[in-house]
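To start, the structure itself, in structure tokens.
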Amino acid sequence: MTEQPYWDADHLEEVVSQRAKILGPSVWAAATPDPRPVISFAGGLPDIPSLPGEILLKAARTVVDREQKEALEYNGTFGPRPLREALAERSSRLEGIPVSVDQVMIVSGSAHGIGLMCETLLDPGDVVLVESPNFPGSMRTIRSFGARQVAVPMDELGLRVDLLEEELKKLADAGQRAKFIYCIPTHQNPAGITLQVSRREKMVELARQYKTFILEDDAYGELWFDQPPPPSLFALSGGDHAVKVSSFSKILATGLRMGWTMGPASLTSRMSAVRFDMGSSAFLGRVIAETIRNGDLDRHIGNLRGIYRRKLERVEDGLRRYCAPYCTYSRPEGGFFLWLLLRPGMSSRDVAAAANEKGVLVGQGPQFFADGKATQHIRVAFSYVPMEEIEEGMHRLGEAMAEVAAKSGAK
């Protein structure tokens, strides 16, 4: 007779940490892909045909030929120095302010960098201000440290800095301060909005006034379509009151699991001190550094901008043909996402469910709100879907919207 294992889900509750209890037993990301032949507008993933295998292979050969010993050894907690140096030089050019190598740390994707920021700054009960709507993965990380998240609404121009100021003042009047302000100011996920420069300047001013940091999540900033975005919050703060977290996942490949942080050197050092992973891959770091040095990264990003612009145009054409009676949206200036506002009376959950039955996946709006005050939005990620499937996907989504509208009597 087989004995029942003692460490089942119930007994594990006796020993798991408080942080694990906050998160619960569910795995956040889908463990397995949908087995059906679906058209997925659900995930913010890069275009598959554009994945730069040859670029990375060329760089890898160069690294192995030139610096095999260094590339295959430990490389320090801050991450591979050649990549830190390449990013400091490149960022100095792109940001328009001097960026030193001591301000740069290599991490295992931007999610890792956000987690290190939280681990360095947050204690249970601390307050973090987050724009709303927002990326669920980052909100989950912040929540796991026992922090209280205060949602600051957005409008069509981005984060409402007037409401941000109100929340900061409330905290100050209560003898508290926000540990940091989390936002995605450029090509925001999920709303696609790029925060205007006057609001960026006001955010930096408020961060200085209330002695807090801005955590600037910049996964999509370089993927602009027609013109570059305004200066980053990191740049506007002179690299002092903002920590910028960036990723190679969207501009090279998600499978690399490589990103970087930039911030005050003193905070970067403290973030490095709470790492227990012995630093990021020396080999991959040097491979990516080579793509920066030889110009391949910049050329590849330029190519991606054209690909995603064309995909957006194809989606917009499909929306005009099939979905126009049921939703509105603002055109993003870059990135991966369209944020569709359904007409009154239509439920985003119902639309997502009806689309799912037709083999089309989209993001439901409610999951993007920290305070639960969801609006009736659908997130459409246009980056991953093959160009030739976009029109059919929009056609099916339009049919799903029509069905929901007919059942709900939406006007």
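The numbers here are math on the coordinates, done by the rules we state, and not lab data. Since the model is a prediction, treat every value here as computed from it, not as a measurement. Quick reminder, even Gly has a Cβ in these numbers, built from the backbone with ideal geometry, and neighbours come from all protein chains shown.
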The range 72-111: Cα Rg divided by the 2.2 N^0.38 Å rule of thumb | 1.21
Which one of 192, 137, 295 has the biggest mean-square fluctuation once the chain is modelled by GNM with Cα springs under 10 Å?
-> 295
Which lysines does residue 373 reach when only Cα atoms under 21 Å apart count, and residues fewer than 8 places away in its own chain are ignored?
-> 170
Antiparallel DSSP beta bridges within the range 53-295, percent to nearest 5 | 35
Filtered trypsin sites (Lys or Arg not before Pro), the range 207-245: DSSP coil and at most 14 other beta carbons within 10 Å | 211
Name the residue, out of 16, 128, 38, whose mean-square fluctuation peaks in a Gaussian network model built on the chain with Cα pairs under 10 Å.
-> 16
In percent, what relative contact order does the range 16-174 have, based on Cα pairs under 8 Å that are 6 or more apart in sequence?
-> 19
State whether the range 153-222 is rounded, prolate or oblate according to the following rule on the C-alpha gyration tensor (a ≥ b ≥ c being the square roots of its eigenvalues): a/c under 1.5 gives rounded; otherwise a/b larger than b/c gives prolate, and the remaining case gives oblate.
-> prolate
Quick one: compute the contact order of the range 53-295, relative version, from alpha carbon pairs under 8 angstrom and 6+ residues apart, as a percent.
-> 30
Bridge type composition, the chain - antiparallel percent by DSSP, nearest 5 | 50
With a Cα-only, solvent-free Debye model of the chain, what are the log10 I(q)/I(0) values at q = 0.09, 0.10 Å⁻¹?
-> -0.59, -0.72
Take every DSSP beta bridge whose two residues both sit in the range 120-229, then give the antiparallel share in percent to the nearest 5.
-> 15
Pairs to check: 169/244; 21/202; 169/250. Give those whose C-alpha atoms are more than 32 Å from each other in this structure.
-> 21/202; 169/250
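Per the helix-only calculation at 222 nm, which mean residue ellipticity applies to the chain, given -39500 (n - 2.57) for every DSSP H run of n ≥ 4 and division by its residues, nearest 500 deg cm²/dmol? Show your work: numbers first, answer last.
On the way: 14 runs with 168 residues, N = 411.
Value at 222 nm, helices only: -12500 deg cm²/dmol.
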Cα convex hull volume per residue for the range 44-173, in Å³, equals 183
Hey, what's the Cα Rg ratio for the range 1-93 versus the globular rule of thumb, 2.2 N^0.38 Å?
-> 1.83
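Relative contact order of the range 138-198: what whole-number percent is it, with Cα pairs under 8 angstrom and at least 6 residues apart? Could you put the intermediate results ahead of the total?
Details: 37 pairs, mean separation 16.8, N = 61.
The normalised contact order for the range 138-198 reaches 27 percent.
Among the GluC sites (Glu not before Pro) in the range 136-206, which ones are in a DSSP loop with at most 15 other Cβ atoms within 10 Å of the Cβ? Mind listing them? Display every interim value, and only then the final one.
Details: sites: 156, 165, 166, 167, 201, 205; in loops: 156.
Passing both the DSSP loop test and the Cβ count: 156.
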In the calculated pair distance distribution of the range 53-295, what percentage of Cα-Cα distances lie above 26 Å?
-> 37
